[in-house]
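Asks: Got a structure here, written out as structure tokens. Questions coming.
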Amino acid sequence: MSGDYTGEGDLIQLITDEEEGDPTNESYDEEIPILSVRNTVLFPGVIIPITVGRQRSIRLVKKAHKGSKLIGVCAQINSNNDDPGWEDIYHVGTLAKIIKMIVLPDGNTTIIIQGKKRFKIREQITDDPYFMAKVDYLEESFPKNSRKIKALEESLKEAASKILHLNPEIPREAQVALDNIDNTPFLTHFLSSNINAPVESKQRLIEINDGIERATLLLEYMMKDIQMLELKSEIHKKVHTDIDQQQRDYFLRQQMKVLQDELGDEGPEKEVEDLRARGELKHWPIEVKKHFEKELDKILRINPAAAEYPIALNYAETLVDLPWNEFTLDNFDLKHAKAVLDADHFGLEKVKERIIEYLAVLKLKNDLKGPILCLYGPPGVGKTSLGKSIAAALGRKYIRMSLGGLHDEAEIRGHRKTYVGAMPGKIIQNMKKVKISNPVFVLDEIDKLSSDFRGDPSSAFLEVLDPEQNFAFLDNYLEVEYDLSKVLFIATANSLDTIQPALRDRMEIIEVTGYTQEEKLEIAKRHLVPKQRKEHGLKAKDISFDKAALAKIIEDYTRESGVRSLERVIGKVVRNVAKSIAMEEEYDHKITPAAVRRILGSEIFDKETYQDNSIAGVVTGLAWTSVGGEILFIESSLSRGKGKLTLSGQLGEVMKESAMTALSYLKSKAESLGIDHRVFDQYDLHVHVPAGAVPKDGPSAGITILVAMASVYTQRKVKSKLAMTGEISLIGKVMPVGGIKEKILAAKRAGIKEIILCKKNLRDIEEIDQQYVKGIEFHFVDWVSEVLDIALTQSKVDKPLKFTLSSEPKSTQE
């Protein structure tokens, strides 16, 4: 059964002027129906609305509305009681008249009643169908024209005005109604009905017959209300003053959060909770997990408008985006791995064998710290693309990082979070990008690292590439240790000389040498031609290359260790065919040597690159460069003078020293070589290395310079199609040099048939595949005398130099 309620909190209406007459002049029935109401006390003269919902009350109201419209209104002692009895209601109440009755759609009935006169229940008649009782009406006792009453009235109005001022929730119209009341009894009834007091206190007021006593108690209640309102106002002002900007922002954020929730937008807490949920799925170490949770808690304490907020949020996102112990399974099928490597790269047997060894160990042990491989060789031999093949063979993800020109240590180790624009180093950035803890990581051009005032990246790489340290790599931005030990690092380099020795010591050097003509031919057929055909939108039926055409391109238009220039030249031929197809012209579907010459023009390189040996002093040497091996010509000539030595051709310090050493050796061995000692004082010697615009240096030309000098001094021919490489000592010892395979390939390209090497270089020849040395005769020597015996023929040149020597050396004084 629903309860009966008044419109509590609403301003209770005043009676009209005609209703303000003395109610004692009217007579009322002794027996009246009793309506129990919750949470309110009705006072005489006051009009209030009441909603009735209990069946007993509805019957009572309908019956009374049809009859006299008079009912007795008593307050319930316990407002939570839905079915009160006589003992549950106060026995002092107010007789009320039903002014209007409204039946609502939900079944409840609202009545507007006006209090008439107080009564006290004398006898309970019945409670069915509703309460009926005999009552005694109570008279008011208000002395008229009393100074005390006047003072009480003024005090009540002042207190009421103060309450209106302190409580902003009361409508301002209440002050107007208050000013219009000049009846003291009604003033007490009106204020008693509207004061902020519990039902018990209001019931106490209605039960007092003495007007002065009731007004005094009412004033006491009102003063307590005033004190409470003043205290609230004071607290409100104090709290409002004490709230600083951060607290204000907090309240605004709370309101914004509610709005964002309503709109479906994400706030800071939502972002943090999402990060926390993602963190639960990570397989990270306990220390990292604790650090991550601590960072999230810190984010919640930061104002989202503060500059630190996006920094902290980005840091937490970086932590959760990194792969922590998330691996791809390695493919241990060694036959499959070998097939992948063979399909992608022709040759490079040594490198392939090393990768297969790595896989075999990993398969047997199932736990191997990633080795640091360094593929070293000239450009265009496939070092970088080999990394992709290794990743495919292992079934790992592939990531590449170019180190060319890197000169800031922070690029490797990252910046500290306190710096503006701080970010992790490139190692951590790439790990975040690949999302796996064991990728194949190619460090391209590691020999081209540089250093300046911002640090030395080579030294920073020591920790990255050291298997004993990189399991606990510490990035400055990350602030926690990160495990790089499962990463397979593969570095590439064109030269080992510029790599820091400590860094080089941490890498396993695997030499990737140049290709022979036969290998280039196979690479062009298998890889380069199909690739260029695809890149230029052609099909296999549109163009094909004759084997002789490819051989002509390799021999006459490219001369390199790798195949990068070869690919470019093939692309030029394919573009010419693509143009003919696009313009609907006639063209040769099969590229022949003649078509190659027509498209590319005249040959760039000569097949026979060694020079004529009919002139004394011209010798072919072998040199190593960063782009592979090359043949080197050294020319020497004599002219009348004072024994001056001239060197030209942009020679470096090492080659200059080799020339002076060779000349000193020839002077010391002049008699045994058949050289007149006077020629050293009366003739100037000029040693020149052609291509003077190109700087040259290194120990490889030692014996070549010496043979050139010996040839011009003795006027003996140098053996045809002979090349040599090696360093010399002052006593005539021949010493070994490096880059043997590249030099041999260069010699084969130039048509050289014989090569002179130091005997200690025999081990280098034994490691080279026999197909590289086929067709070349090697002479291994220990002493310069052996070199001269092999290199110089017994016959003089066709037009020997005529020496004119004086019997005595010239005086050094005029």
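The values are calculated or read from the model by the stated rules, or taken from the named source; none is laboratory data. Predicted model only: the values in this text are computed from it and were never measured. As a convention, Cβ positions derive from the backbone with ideal geometry for all residues, glycine included, and neighbour counts pool all protein chains shown.
Asks: Kindly establish whether S192 is under 19 Å from L42 (Cα atoms), small (G, A, S) and surrounded by fewer than 18 Cβ atoms within 10 Å (Cβ to Cβ). Walk me through how you get there before you give the answer.
Replies: Values: under 19 Å from L42 (Cα atoms): yes; small (G, A, S): yes; surrounded by fewer than 18 Cβ atoms within 10 Å (Cβ to Cβ): no.
Criteria not met by S192.
Asks: Would you check if Y130 is closer than 15 Å to L42 by Cβ and in contact (Cβ under 8 Å) with a residue 12 or more places away in the chain?
Replies: no
Asks: Sticking with this one: Give me a count of the residues in region 546-574 that are among the basic types (K, R) and more than 19 Å from R526 (Cα to Cα).
Replies: Adding up the residues that qualify gives 1.
Asks: I need a count of the residues in region 579-628 that are within 50 Å of the chain's Cα centre (by Cα), closer than 29 Å to T793 by Cα and modelled with pLDDT of 85 or more.
Replies: 2
Asks: Select from region 238-281 the residues that are of a type outside the set (D, E, K, R), outside any helix (DSSP H, G or I) and exposed (fewer than 11 other Cβ atoms within 10 Å of the Cβ) and write down the one among them that is modelled with the highest pLDDT.
Replies: L281
Asks: Kindly indicate whether Y358 is in a helix (DSSP H, G or I) and touching a strand residue (DSSP E or B) at 6+ places or on another chain (Cβ under 9 Å).
Replies: Yes, satisfied.
Asks: Scan region 412-447 for residues that are without any contact (Cβ under 8 Å) to a residue 40 or more places away in the chain and on the phi < 0 side of the Ramachandran plot and jot them down.
Replies: The initial filter retains those residues of region 412-447 that are without any contact (Cβ under 8 Å) to a residue 40 or more places away in the chain, namely 418-421, 426, 429-430, 433.
T418, Y419, V420, K426, Q429, N430, K433, listed by residue number.
Asks: Out of all the residues in region 435-467, which are part of a loop (DSSP other than H, G, I, E, B) and either more than 18 Å from I509 (Cα to Cα) or in contact with a Phe, Trp or Tyr (Cβ under 6 Å, 6 or more places away or on another chain) (or both)? Give the steps one after another, and end with the answer.
Replies: Start the filter on region 435-467 by keeping residues that are part of a loop (DSSP other than H, G, I, E, B), which leaves 435-439, 445, 449-451, 453-454, 456, 466-467.
Result: K435, I436, S437, N438, P439, S450, S451, F453, R454, D456.
Asks: Quick check on region 384-395. Is at least one of its residues in contact with a helix residue (DSSP H, G or I) (Cβ under 8 Å, 6 or more places away or on another chain), over 15 Å from F473 (Cα atoms), part of a loop (DSSP other than H, G, I, E, B) and touching a residue at least 12 places away in the same chain (Cβ under 8 Å)? So that I can check it myself, show each step before the final result.
Replies: Going through region 384-395, the residues in contact with a helix residue (DSSP H, G or I) (Cβ under 8 Å, 6 or more places away or on another chain) turn out to be 385-386, 388-390, 392-394.
Those left that are additionally over 15 Å from F473 (Cα atoms): 385-386, 388-390, 392-394.
So of that shortlist, the ones also part of a loop (DSSP other than H, G, I, E, B) come out as none.
No, that holds for no residue.
Asks: So the check is Cβ under 8 Å with 6+ separation or different chains; which pairs have a first residue in region 488-501 that's in the same structural domain as K383 (by TED's automatic domain parsing) and a second one that's surrounded by fewer than 18 Cβ atoms within 10 Å (Cβ to Cβ) and hydrophobic (A, V, I, L, M, F, W, C)?
Replies: L496/I509
Asks: Report those strands (runs of 3 or more DSSP E) wholly inside region 717-814 carrying at least 1 residues which are in contact with a Cys (Cβ under 6 Å, 6 or more places away or on another chain), closer than 26 Å to S637 by Cβ and at pLDDT 85 or above.
Replies: Here the list is empty.
Asks: Separate question: Say whether the condition of being under 19 Å from E200 (Cβ atoms) and either in the same structural domain as P185 (by TED's automatic domain parsing) or touching a residue at least 24 places away in the same chain (Cβ under 8 Å) (or both) is met by at least one residue in region 52-67.
Replies: No: zero hits.
Asks: Considering each residue of region 404-434, count those that are part of a loop (DSSP other than H, G, I, E, B) and over 11 Å from the mean Cα position of the chain (by Cα), and give that number.
Replies: Total satisfying the criteria: 15.
Asks: Continuing with the same structure: Within region 118-223, considering only helices (runs of 4 or more DSSP H) that don't extend past its boundaries, which have at least 2 residues that are closer than 30 Å to Q55 by Cβ and modelled with pLDDT of 85 or more?
Replies: 199-207
Asks: Do we find a residue being of a type in the set (K, R), within 15 Å of I756 (Cα to Cα) and part of a loop (DSSP other than H, G, I, E, B) anywhere in region 677-685?
Replies: no
Asks: Out of (1) in the same structural domain as M222 (by TED's automatic domain parsing); (2) surrounded by fewer than 20 Cβ atoms within 10 Å (Cβ to Cβ), what's the single condition that is false for T109?
Replies: Only one criterion is unmet by T109, namely (1).
Asks: Do we have D408 as modelled with pLDDT under 85 and touching a Pro at 6+ places or on another chain (Cβ under 8 Å) here?
Replies: Yes; evaluated as a whole, the condition is true for this residue.
Asks: Go through region 505-522 and give me each residue that's under 13 Å from A551 (Cβ atoms) and assigned to a helix (DSSP H, G or I).
Replies: Hits for region 505-522 are Q517, E518, E519, K520, L521, E522.
Asks: For the list (1) within 30 Å of E317 (Cα to Cα); (2) buried (at least 17 other Cβ atoms within 10 Å of the Cβ), I need the number of the one condition that L528 fails.
Replies: (1)
Asks: Separate question: Condition (residue is at pLDDT 85 or above, under 29 Å from A746 (Cα atoms), surrounded by 16 or more Cβ atoms within 10 Å (Cβ to Cβ) and not basic (K, R)) applied to region 475-490: is it met by at least one residue?
Replies: yes
Asks: Here are some residues: I206, I235. Which one is exposed (fewer than 12 other Cβ atoms within 10 Å of the Cβ), among the β-branched types (V, I, T) and not assigned by TED's automatic domain parsing to the domain that holds P44? If you could, list the steps in order and put the result at the bottom.
Replies: Working: I206 fails: exposed (fewer than 12 other Cβ atoms within 10 Å of the Cβ).
Only one candidate qualifies: I235.
Asks: Scan region 317-340 and tell me whether some residue there is under 30 Å from F251 (Cβ atoms) and without any contact (Cβ under 8 Å) to a residue 60 or more places away in the chain.
Replies: Of the residues in region 317-340, the ones under 30 Å from F251 (Cβ atoms) are 317.
From what's left, without any contact (Cβ under 8 Å) to a residue 60 or more places away in the chain: 317.
Yes, because at least one residue in region 317-340 is under 30 Å from F251 (Cβ atoms) and without any contact (Cβ under 8 Å) to a residue 60 or more places away in the chain.
Asks: Can you confirm whether E535 is surrounded by fewer than 16 Cβ atoms within 10 Å (Cβ to Cβ) and touching a Gly at 6+ places or on another chain (Cβ under 9 Å)?
Replies: Yes.
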